[in-house]
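Only one structure is covered here, and it is reproduced in the block below.
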Amino acid sequence: MEILRTEHLTKTYGTGEVQVKALKDVSFALEKGEFAAVVGESGSGKTTLLNCIGGLDTPTSGKVLLDGQDIFSMKENKRTVFRRQNIGFIFQNFQLVPELDVEQNIIFPLLLDYQKPDKQRVEEILEVLGLTDRRHHLPGQLSGGQQQRVAIGRALIMRPMLVLADEPTGNLDSKNSQDVMELLMKASRYYQQTILMITHNEHLSANVDRVLRVKDGVLSDLGGVRA
């Protein structure tokens, strides 16, 4: 079942001599439960790609289809709600609410959408992420690795069609980076969660389903590494 498709996605900044083509005719698709990594050097266009797919930036041309729905054909208000309900984000700098504890940060997207948290779902996510005994800790009382686990839980709580991970290990040491990757792999397998991750660290893409490379705004599919 296809979850994500981009069609001829192009993003251009500036005009004339200062024009920069950040994305050049990018087309690819992801199936449900697929974990793909987008690799590339800084400035290659991979962050622009992620932001366009997540509706955080508007492409110059082309389409982003999530479960067959063209997100840029929607009015801005509808797109905002659609994004909140269907796309989970994991950021490099965690972006947790400092005044909320672990459990409150995880369920925050549900509260924004006026939904009542499913207690069983919350308990399951806390257990899967190894945060049960930290549920009432504030972000400032957690290590970087633990904060990123909370961010993963927040991304999963809405059962989104797609999780977008922007350099999720960028602020972590090697041990915590490996732990976070294992948790993302577990989420992909356990929840059949579709994940698209960007990273400049190609070693982190060793066990994902597919590796995509962006270079000078051009995307190439390096294929799958897992049968």
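The values are calculated or read from the model by the stated rules, or taken from the named source; none is laboratory data. This one's a predicted model, so the numbers in the text were calculated from it and none came from an experiment. Here the Cβ is made from the backbone with ideal geometry for all residues, glycine too, and neighbour counts use every protein chain on show. Heads up: the accessible areas ignore ligands, DNA and RNA and are worked out on the full protein's heavy atoms, side chains in. Shrake-Rupley method; radii C 1.70, N 1.55, O 1.52, S 1.80 Å.
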Counting only residues in region 208-221 that are assigned to a strand (DSSP E or B) and of a type outside the set (A, V, I, L, M, F, W, C), the one modelled with the lowest pLDDT is identified as Asp221
I want to confirm something. Restricting to region 60-117 and keeping residues that are of a type in the set (Val, Ile, Thr), surrounded by fewer than 18 Cβ atoms within 10 Å (Cβ to Cβ) and in contact (Cβ under 8 Å) with a residue 40 or more places away in the chain, which single residue is nearest to Glu34 (Cα to Cα)? Thr60
Does region 10-59 hold any residues that are of a type in the set (S, T, N, Q), in a loop (DSSP other than H, G, I, E, B) and either surrounded by 15 or more Cβ atoms within 10 Å (Cβ to Cβ) or in contact with a strand residue (DSSP E or B) (Cβ under 9 Å, 6 or more places away or on another chain) (or both), and which are they? Gln19, Ser44, Thr58
So which helices (runs of 4 or more DSSP H) are wholly in region 104-201 and hold at least 1 residues that are in contact with a Gly (Cβ under 6 Å, 6 or more places away or on another chain) and within 30 Å of Glu41 (Cα to Cα)? 144-156, 174-190
Here's a check for you: in region 186-207, which residue that is hydrophobic (A, V, I, L, M, F, W, C) and at pLDDT below 90 is farthest from Leu126 (Cα to Cα)? Ala206
What about Thr169, is it open to solvent by 10 Å² or more (accessible area, probe 1.4 Å), of a type in the set (S, T, N, Q) and modelled with pLDDT under 90? yes
